[in-house]
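Structure record follows, encoded as structure tokens.
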Amino acid sequence: MPKNRKDNWFFTALLIAGLFLILLPARSSAGVFKKKSVVMGTDLEMIVSSTDEAKADKAFASVENEMKRIEDEMSEWKEKTFVSAINNNAGIRAVSVPSDLFKVIWAAVTVSKLTDGAFDITWASMRGVWDFSPGHERVPSASEVKERLKLVDYRDIVLDEKKNTVFLKRKGMAIGLGAIAKGYAVDRATQILAKEGIRDSIVKAGGDMRVQGLDNGKPWEIGIKHPRKKELLAKFGLTNVSVSTSGDYERFFIKDNVLYHHIIDPRTGFPARGAMSVTVLAPDTMTSDALSTALFVLGPDKGLELANKLNGVEAIIVDASGKMRISPGITLK
Ligand code: ADP
Ligand code: MG
């Protein structure tokens, strides 16, 4: 589908090279309220522009409750979630799931199809083979990876749209929504804020961010930092858009001078090597989240090619050599 450049009006001024999104300190105008907490194993940060602090506080609490609800439904680490039920019943039976979880899994499989499996939530079948948690880091042998990789294949996820059921065809298979659920949660958070009467907000959970409305009549200022340097390389004004970043510095360890990180290339079973960081701008955060991981695995050439094909999607990639690459809808100052 040819891309409509007019869709990109909101990407006004953009310098960049980077990874992890940082919120710039909000301008010191009255009526900007902030809340930080930890949900879904990540830092949640909300900034809203409102005339009513009590309303903002009430909205923050509603968002936190919703994020906890999503975690209890979608975590692959907690025992009693629906995702754990799907994994525990791999090769046994289909599991009926809530409609929002079905929607997230459906979206994940759609991105798998778009990327020919570079994005694949069944990567989680490799659980235990890779461990990035501090103190437990391990590099698996090539044969171990090869063996377990046989279980990684999104085409073996059977979705029944009428019954809202999910079935993993083979025993030992597992799904993990680490690359998409946070984005969905950020979208829900923004919807909840709007329902509570807050139309101007930033919600950021880890590397996933929704920028909604305006900051005192102006686009919100957003910064992106370099994956290897401390300083901020760019800032730009955004409104009504989602921004997600995937980076090789988020969860990683170094062994024998090799950096091993948490984004796994399903074609090799080893960490993807094409990029240091990928930032994606998209119409919603579930999409930007999934695509940032997907483009990371695809690497700069194929990643930019895919971004170009998708309406309202732009990408900023720092490739393996540290060079910044951008999609054509992004204007560098
Ligand atoms: P973050 O969790 O830091 O926001 P991402 O959104 O890029 O980063 O997601 C990385 C997570 O996605 C990993 O920790 C893992 O849970 C999962 N994952 C790793 N490789 C893949 C892949 N090829 N496809 C889908 N999910 C993946
Ligand atoms: Mg992601």
Mind checking which residues of region 310-325 are surrounded by fewer than 24 Cβ atoms within 10 Å (Cβ to Cβ), small (Gly, Ala, Ser) and on the phi < 0 side of the Ramachandran plot?
Ala320, Ser321
Go through region 79-125 and report how many residues are assigned to a helix (DSSP H, G or I) and either β-branched (Val, Ile, Thr) or farther than 15 Å from Asp156 by Cβ (or both).
21
Within region 233-251, tally of residues that are hydrophobic (A, V, I, L, M, F, W, C) and at pLDDT 90 or above
3
What pairs come out if I take residues in region 166-185 that are hydroxyl-bearing (Ser, Thr, Tyr) and pair them with residues that are modelled with pLDDT of 95 or more and within 7 Å of ligand 1 (Cβ to nearest atom) whose C-beta lies under 9 Å away, six or more apart or interchain?
Tyr184/Asp289
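Filter region 297-312 down to the residues that are part of a loop (DSSP other than H, G, I, E, B) and more than 16 Å from Gly247 (Cα to Cα) and list them by number.
If the condition is that a residue be part of a loop (DSSP other than H, G, I, E, B) and more than 16 Å from Gly247 (Cα to Cα), then Leu310, Asn311, Gly312 are the ones that fit.
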Scan (1) within 12 Å of ligand 1 (Cβ to nearest atom); (2) more than 22 Å from Val152 (Cβ to Cβ); (3) out of contact with any strand residue (DSSP E or B) (no Cβ under 8 Å at 6 or more places or on another chain) for the single condition Ala294 breaks and write down its number.
(2)
Which residues, taken from region 177-194, are within 11 Å of ligand 1 (Cβ to nearest atom), over 10 Å from Ala205 (Cα atoms) and under 9 Å from the mean Cα position of the chain (by Cα)?
Gly178, Ala179, Ile180, Ala181
Pairs, please: C-beta under 9 Å, at least 6 apart or cross-chain, first residue on the phi > 0 side of the Ramachandran plot and in region 40-51, second in a strand (DSSP E or B) and surrounded by 20 or more Cβ atoms within 10 Å (Cβ to Cβ)?
Met40/Ala205
Within region 206-219, count every residue that is touching a Gly at 6+ places or on another chain (Cβ under 8 Å) and within 16 Å of ligand 1 (Cβ to nearest atom).
2
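The values are calculated or read from the model by the stated rules, or taken from the named source; none is laboratory data. These numbers come from a predicted model, not from an experiment. Glycine also receives a Cβ, built like all others from the backbone with ideal geometry; neighbour counts cover every protein chain displayed.
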